[in-house]
1. Which one of these does LEU62 not meet: (1) over 20 Å from the mean Cα position of the chain (by Cα); (2) more than 13 Å from ligand 1 (Cβ to nearest atom); (3) open to solvent by 60 Å² or more (accessible area, probe 1.4 Å); (4) at negative phi?
2. Picking from VAL206, VAL167, VAL210, which residue would you name as being part of a helix (DSSP H, G or I) and either surrounded by fewer than 14 Cβ atoms within 10 Å (Cβ to Cβ) or touching a residue at least 24 places away in the same chain (Cβ under 8 Å) (or both)?
3. Could you figure out which of (1) more than 16 Å from ligand 3 (Cβ to nearest atom); (2) touching a residue at least 40 places away in the same chain (Cβ under 8 Å); (3) farther than 14 Å from PHE117 by Cα isn't true of LEU177?
4. What is the residue count in the range 30-87 for residues that are of a type in the set (Gly, Ala, Ser), under 18 Å from THR107 (Cα atoms) and assigned to a helix (DSSP H, G or I)?
5. Could you tell me how many of the residues in the range 92-138 are of a type in the set (Phe, Trp, Tyr), closer than 25 Å to ARG153 by Cα and touching a Ser or Thr at 6+ places or on another chain (Cβ under 8 Å)?
6. Which count do you get for residues in the range 117-154 that are charged (D, E, K, R) and buried (at least 18 other Cβ atoms within 10 Å of the Cβ)?
7. Filter the range 141-164 down to the residues that are assigned to a helix (DSSP H, G or I), more than 12 Å from the chain's Cα centre (by Cα) and among the hydrophobic types (A, V, I, L, M, F, W, C), then identify the one that is farthest from ligand 4 (Cβ to nearest atom).
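The values are calculated or read from the model by the stated rules, or taken from the named source; none is laboratory data. Only a predicted model underlies this, so the values are computations on that prediction, with no experimental measurement involved. All Cβ positions, glycine included, derive from the backbone under ideal geometry; neighbour counts span all protein chains shown. Calculation scope for accessible area: heavy atoms of the full protein, side chains included, ligands and nucleic acids excluded. Shrake-Rupley method; radii C 1.70, N 1.55, O 1.52, S 1.80 Å.
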Amino acid sequence: MGQPEATRAAATPTVGKAMLNKYARAFFTRVLTPFAAFLIRRGVSPDTVTLIGTAGVVAGALVFYPRGEFFWGTVVITLFVFSDLVDGNMARQLGRSSRWGAFLDSTLDRVADGAIFGGFALWYAGRGDDNVLCAVSIFCLASGQVVSYTKARGESIGLPVAVNGLVERAERLVISLVAAGFAGLHTFGVPGIQWLLPIALWIVAVGSLVTLVQRVVTVRRESAEAEAAARAGASEAAQ
Ligand SMILES: CCCCCCCC/C=C\CCCCCCCC(=O)OC[C@H](COP(=O)(O)O[C@@H]1[C@H](O)[C@H](OP(=O)(O)O)[C@@H](O)[C@H](O)[C@H]1O)OC(=O)CCCCCCC/C=C\CCCCCCCC
Ligand SMILES: Nc1ccn([C@@H]2O[C@H](COP(=O)(O)O)[C@@H](O)[C@H]2O)c(=O)n1
Ligand SMILES: [Mg+2]
Ligand SMILES: [Mg+2]
């Protein structure tokens, strides 16, 4: 984090902001604020929420998904995944948003995402018995991590990375979790519905690839602009 988040956001308006972060975040902030305030009153810290939330997501994904229990896995993950919105909300209410908190939150996001798509991959590598879908799950896992890395690395070298892209983390999670939850109803006798998960994984894979290209192109342009500005500054100083 080169500069505080608020300053960075004000300095560089983000274009191509993904839909959920733009529209759903405000709604969930309103809904979750009283719960966040309740946890604060009970003496719970934002870091504790971040850690317990991640542990719950990882457990839900790795206990249930490799066994094909997509409904129960998704129910458990859904119960814990909203902790990612509660922790930041608590930190802001406390006036204690910190660099450490931002680092912990983003790092554990990667762990949670790894467990979710790893859980799908383990299912398809085992009893799900589908090499192509196993590969697509691994692609979703890897591309999601790289998409996030592009932003983190771009910002670490002083660029604004003023694009979020088509499919950022919230989209990856909502598309795959909604599909997994419904696909899981197949084990309760609902016919045909199991295809939702493969469809969602393909959508996340293609969407992540598009997002990756959008971010790389943005970083390349911003990097060229920053270097041109630095050269112009240097030649002005030399005159
Ligand atoms: C009959 C079947 C029943 C099935 C059971 C229930 C199904 C429920 C299904 C789904 C629920 C999905 C909920 C998913 C909620 C996701 C919330 C979340 O964690 O969002 C995180 C996201 C990002 O937060 P951060 O800023 O902390 O993270 C940054 C991000 O990770 C960056 O990554 P990048 O984008 O770059 O890849 C990193 O770069 C950065 O480091 C990191 O800090 O938060 C948001 O984006 C906010 C918006 C959240 C919107 C949540 C919308 C939930 C919408 C619908 C859920 C309800 C669906 C109901 C289905 C009903 C089925 C019956
Ligand atoms: N343990 C934590 C978690 C988060 N933060 C701060 O919140 C920001 C993330 O907000 P979300 O609504 O996306 O959770 C993060 O950048 C930190 O500033 C924190 O301080 N401690
Ligand atoms: Mg969070
Ligand atoms: Mg997070």
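1. (1)
2. Numbers: VAL206 fails: either surrounded by fewer than 14 Cβ atoms within 10 Å (Cβ to Cβ) or touching a residue at least 24 places away in the same chain (Cβ under 8 Å) (or both); VAL167 fails: part of a helix (DSSP H, G or I).
The match here is VAL210.
3. It is condition (3) that LEU177 fails.
4. Step one: of the range 30-87, the residues of a type in the set (Gly, Ala, Ser) are 36-37, 43, 45, 53, 55-56, 59-61, 68, 73, 83.
Next, from what is left, pick out any that are under 18 Å from THR107 (Cα atoms): 45, 53, 55-56, 59, 61, 83.
Of the ones still in play, those that are also assigned to a helix (DSSP H, G or I) are 53, 55-56, 59, 61, 83.
Residues in the range 30-87 being of a type in the set (Gly, Ala, Ser), under 18 Å from THR107 (Cα atoms) and assigned to a helix (DSSP H, G or I): 6 in total.
5. Count: 1.
6. 1
7. For the range 141-164, the residue satisfying everything is ALA142.
Yes or no, residue by residue, for (1) within 15 Å of ligand 4 (Cβ to nearest atom); (2) at pLDDT below 95:
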residue	(1), (2)
ALA24	yes, yes
THR29	yes, yes
GLY53	yes, no
LEU62	no, no
VAL75	no, no
PHE82	yes, no
LEU85	yes, no
